[in-house]
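The values are calculated or read from the model by the stated rules, or taken from the named source; none is laboratory data. These figures come from a predicted structure and were not determined experimentally. Virtual Cβ from ideal backbone geometry, glycine too; neighbours counted across all protein chains shown. For accessibility, only protein heavy atoms count, side chains too; no ligands or nucleic acids. Shrake-Rupley method; radii C 1.70, N 1.55, O 1.52, S 1.80 Å.
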Amino acid sequence: MKVLSVVWKIQDNNIPKLALDLTGAGIVIHNICEYIGQKCNSYVMIGSESMKAVKSGNIQYLDNNLESLQEKDNDKRLKLLIAGFSKNLELIKPDIVNFHGTGDFIFNCVKICIVKKIKYVVTIHLYIAKKINILKMETTKRYLSNILSLPEINIMVVGNGMKKKVLKDFPCIDKKNVYVIANGTDYMPVNTDGLIRKKFGVENKKVLILAGTINERKNQIQVVEAYKLLPDILKSKVMVFFCGKDTMDGQLEAAINASGYEQMLHYVGAIPSTEMYRYYSIADGYIMPSLAEGLSIACLEALRYGIPQIMFEDSECAEDLGDSKVSILVKERSNIALSKGIEQWYYTKWDTEYIKNYSNYFSMERVVSDYLEYYKKILRK
């Protein structure tokens, strides 16, 4: 089988220009394409960077036709990419095209597949529900609406909670056309050398971590507000580490400084994936207050260490990670409710071995096996 994956961005440590995309989506898309390449021919076309044909691991990257683009001209870029996609269809004649994400580039390429009757599926890694208003996410919502409004669109989503939100917002979509394949990770736990524990004086405290770009969607500042509402006894016993690239001009650090708990709340910046083990290793819990989320890769990585989760009950992740022995599901999106969730987490006796065993389901081997079975299903239509 020949699988052509079309993406805007991807993370690949073997290619310098692609190595710096440390987002969960960039990492998981690479892993999917890499693992597919162990079973069949895996081709990838990207849109974010000029790319020549090159092999990396089990992935064959394709020329994306952007080499002639010298100036920042979005209209010209889009035309070149669409032409490059058409050329690649003729070149490799894929059995199926898997689009990852949305955007004008992917939207136009999907329409080409529809016209040419080429089998395809669109994987949605992040869904912003219509009722959610998040700063700087209106364009993302428009891209989602464009894709999901196409007739007879084949959609794959990364979690069951996401499927429910898509069908609620787009009742015109036949539920049979929205397929769920829960995310997975190939992350392997690594023991810490204790550097972070020593640096921050973590001894005799419980540690919460959260990882991801610092932005409104990830909603990290609410954790600071919830922390301020904890009983005083817990404020001396719970430490929180915020990991991620700041895109909010220091608002998180300002909130931490204004809280008066700088010794317990620490923004540590963007952490390379190769260094995250230092934080997972000292963590007793993972907290995810996101307003919208896919099935978070950082959550799945934390599970590998036996780390329990705290998230809101209406999170897209809640249905897939809602085991009471694994997660605290906070019923309301208020600061006090989140604070109570942290308190419940602190006093709960967690079985780390149960959580580690629970995490085994979220493997890349299972994910890609499910992808390939779904491709076969589409090809049989």
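Can you give me the solvent accessible area of Cys40 with a 1.4 Å probe, rounded to the nearest 10 Å²?
Accessible surface of Cys40 is approximately 20 Å².
Relative to the longest principal axis of the chain, what angle (0 to 90°, nearest 10) does the C-alpha long axis of helix 24-36 take?
50 degrees
List residues of region 22-54, by number, whose backbone nitrogen lies under 12 Å from a label position 7 Å along Cα→C-beta of Glu90.
Within reach of a label on Glu90: no residues.
Roughly how many Å² of Met1 are accessible to a 1.4 Å probe, to the nearest 10?
70 Å²
Rounded to the nearest 5, what % of the DSSP beta bridges within the chain are antiparallel ones? Intermediate results must be reported in sequence, preceding the final value.
Values: 3 of 48 bridges.
For the chain, the DSSP antiparallel bridge percentage is about 5.
So what is the calculated 222 nm ellipticity per residue for the chain, using -39500 (n - 2.57) for each DSSP H run with n of 4 or more, over all residues, to the nearest 500 deg cm²/dmol?
-11000 deg cm²/dmol
Pairs of Cα atoms under 8 Å, at least six residues apart: use those to get the relative contact order of region 202-352, whole percent.
26 percent
Where is the GNM fluctuation largest for the chain (alpha-carbon springs, 10 angstrom cutoff): Glu49, Glu301, Glu365?
Residue with maximal mean-square fluctuation among Glu49, Glu301, Glu365: Glu49.
Can you give the translational diffusion coefficient of region 221-337 in µm²/s, computed by Stokes-Einstein from the Kirkwood radius over Cα pairs at 37 °C and 0.692 mPa s?
Estimated diffusion coefficient is 218 µm²/s.
Mind putting a number on the dipole of region 40-86 about its Cα centre? Charges go on the C-beta only, +1 for Lys and Arg and -1 for Asp and Glu, and I need it in Debye to the nearest 20.
The calculation lands at about 100 debye.
On a straight-distance basis, which aspartates and glutamates could pair with Lys175 in a cross-link, Cα separation under 15 angstrom, same-chain partners fewer than 8 positions away excluded?
Partners within reach: Glu152.
Which FRET efficiency value, to the nearest 0.05, do you get for Ser236 and Glu353 by plugging their Cβ-Cβ distance into 1/(1 + (r/R0)^6) with R0 = 45 Å?
Between Ser236 and Glu353 the formula returns 0.95.
Any idea how far apart Ile378 and Lys17 come out in nm if each label point goes 7 Å out from Cα toward Cβ?
The two pseudo-label positions are separated by 2.7 nm.
Report the full-extension gain for the segment Lys52 to Leu195: residue separation times 0.36 nm, less the Cα-Cα distance, to one decimal in nm.
Here the segment from Lys52 to Leu195 would lengthen by 47.4 nm.
How big is the charge dipole of the chain about its Cα centre, in debye rounded to the nearest 20, if each Lys and Arg gets +1 on its Cβ and each Asp and Glu gets -1 on its Cβ?
Dipole about the Cα centre, nearest 20: 960 debye.
If I build a Gaussian network model for the chain, linking alpha-carbon pairs within less than 10 angstrom, which residue out of Leu167, Leu69, Leu144 has the largest mean-square fluctuation?
Per the Cα network of the chain with a 10 Å cutoff, Leu69 tops the list.
How big is the antiparallel share of DSSP beta bridges in region 15-125, given as a percent to the nearest 5?
30 percent
If you put +1 on each Lys and Arg Cβ and -1 on each Asp and Glu Cβ, how big is the dipole of region 175-282 around its Cα centre, in Debye rounded to 20?
400 debye
If contacts are Cα pairs under 8 angstrom and at least 6 residues apart, what is the relative contact order of region 54-163 in percent?
After rounding, I find 22 percent.
Largest first and in whole Å, give the semi-axes of region 303-381's equivalent ellipsoid, each being the square root of 5 times a Cα gyration tensor eigenvalue.
Values for region 303-381, descending: 32, 17, 7 Å.
State the answer as a single residue: which of Ile118, Asn108, Asn64 lies farthest towards the positive end of the charge dipole of region 38-125, with beta carbon charges of +1 for Lys and Arg and -1 for Asp and Glu, about the Cα centre.
The listed residue farthest towards the positive side: Ile118.
Project the alpha carbons of the chain onto their principal axes and report the range along each, largest first, in whole Å.
Extents along the principal axes, in whole Å: 66, 42, 37.
Specify the inter-centroid distance of region 294-331 and region 206-255, based on alpha-carbon positions, in whole Å.
17 Å
Can you list the lysines whose alpha carbon sits under 24 Å from that of Lys87, skipping same-chain ones fewer than 8 residues off?
Result set, ordered by chain and number: Lys2, Lys9, Lys17, Lys52, Lys55, Lys72, Lys76, Lys79, Lys111, Lys116, Lys117, Lys119.
Gaussian network model of the chain, Cα springs within a sub-10 Å range: biggest mean-square fluctuation belongs to which of Ile310, Ile29, Ile112?
Ile112
Using only alpha carbon pairs under 8 Å that are at least six residues apart, calculate the relative contact order of the chain and give it in whole percent. Don't skip to the end; give the middle numbers.
On the way: 686 pairs, mean separation 58.3, N = 381.
Once divided by the residue count of the chain, the mean separation gives 15 percent.
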